[in-house]
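No lab work stands behind these numbers, since they all come straight from the coordinates. As the structure is a prediction and not an experimental result, all values here were calculated from the model. Reconstructed Cβ throughout: ideal geometry from the backbone, glycine too, with neighbour counts over all protein chains shown.
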Amino acid sequence: MTAPSLSRRSFVAGGLAMLADLPAFGQSLAPPGAASPSSLPNLGGEGPWDYWASGQGAGVVRIAAAAILSASPYDTQPWLFRLGETRIEVLADKDRALGELDPFRRELYMGLGCAIENACVAAPAQGVNPVVHLLPESSAGNDELAAAIELEPARQARHPYQDAIARRHTNRLPYDTGRKVDQATLDALAGLVSSSDTKVIFLEPASTGGTVFTDLMMQATQRIIDTPGLRDGRWTGMRSTAANPSALDAKALQQADANWLKATRTVACATASAFGLIMVRGTRQDHRLHIEAGRLWQRIHLDGTNRGLAMQPMNHFIEVIDYETRTQGTSPVSSAMRAALPQDWNGWEPIFGLRLGYADATAPRSPRRPLASIVVA
Ligand SMILES: Cc1cc2nc3c(=O)[nH]c(=O)nc-3n(C[C@H](O)[C@H](O)[C@H](O)COP(=O)(O)O)c2cc1C
């Protein structure tokens, strides 16, 4: 095993500079203490949201309870946790992968990045600074250990995103087409990057880049529906969190696909105030970039939640880029998207798409697996 690589930069940008000591908070706390199995909440569905929002749990249990409220692809929650006294390990649960739809496990590791970010936001209130070591055993061939988060004693503080953890939800509803997200807000969101190899760019829907974004999104949605390997991956994702998976027979799934195609055109593309693209410098297969991009997405979504913004990931053509890259070695869709962007993005890859705007209605909570079922010894 080699020395762990330290991703301190991303933690610092993730919030250290923004932390506020609260008068009600004390000095540094005793070490959080290891979790005993009986202290782990065994609530699923909406239970984990109420658990967190009502301030339950302490130390590593509370930090892990925040991590499981993060975004994940198709709500697959592809994570496992090992909880120590001063260390949390975040592991990939590869049984929850999406097959051909996610051939490089980009989305899976992005979901792990989202969970890591939520953990880092929750840590300061437990009197610890999280220091994240990404993929500490990858050079020894183990990429299941996505991160080890060392918890260093620190003065207790409240992260500005702490309360947003329980209010952040993917919003798939129509956005208000009469209300634009202003440039200052987009610039602030773009400034949340923490690594020189990740960036987020925003596209006006009527611009050249925005028009191509919409066209590629619509073509990709149809292609996922028509391509058996891609469609199977989507259906696997839908079944993984369905309350009653057996009710999702072929007819129900085909109806869901038709609804998805229609909603992509008439809601997601048609009512966005802006589209966003997270770009990474390097290869599409690099789990480190996936995790960094996932952390960035979670941070943007938490920050946007504090600003009253609605957001939805849109990864249809991103999934097609992965598929083309795996099957053809190159991706015409990636080239088409990059060619429509204002600057030269040679060497960079679009890795995550999204839309944002303002919505009248609040999005619902999505269900979660109980923490007790995903903590491993
Ligand atoms: C890597 C990744 C890709 C995602 N892609 C999409 C997408 O293409 N369309 C969509 O509606 N939601 C997408 N999501 C959002 C998830 O479906 C959502 O996070 C999950 O259902 C949990 O719901 P929540 O975000 O409201 O907690 C994606 C999330 C992640 C982390």
**Request:** Enumerate the lysines that LYS94 could reach by cross-link, defined here as Cα to Cα under 30 Å, with residues fewer than 8 away along the same chain left out.
**Result:** LYS199, LYS251
**Prompt:** Whole-Hz Karplus ³J(HN,Hα) for the range 106-116, in order, using 6.51 cos²θ - 1.76 cosθ + 1.60 and θ = phi - 60°, x for Gly and Pro?
**Reply:** 4, 5, 4, 6, 5, x, 5, x, 4, 5, 4
**Message:** I need VAL375, VAL132, VAL90 ordered by Cβ neighbour count within 10 Å, fewest first.
**Reply:** VAL375, VAL90, VAL132
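Provide the FRET efficiency to the nearest 0.05 for the ASN306-GLN254 pair, computing r from the beta carbons and using R0 = 30 Å.
Values: r = 39 Å, r/R0 = 1.31.
Computed FRET efficiency for ASN306 and GLN254 comes out at 0.15.
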**Message:** For the ranges 169-179, 231-241, what's the packing order if you count other beta-carbon atoms within 10 Å of each residue, average per peptide, and put the highest first?
**Reply:** 231-241, 169-179
**Message:** For a test of the definition: using alpha carbon positions, the gyration tensor, and the 1.5 limit on a/c, classify the range 333-377 as rounded, prolate or oblate.
**Reply:** oblate
**Request:** Compute the distance in nm between two label points, each set 7 Å from the Cα along the Cα-to-Cβ direction, one at ASP143 and one at ALA372.
**Result:** 3.5
**Complete:** Distance in nm between SER196 and ARG239 label points, each 7 Å along Cα→Cβ, equals 4.6
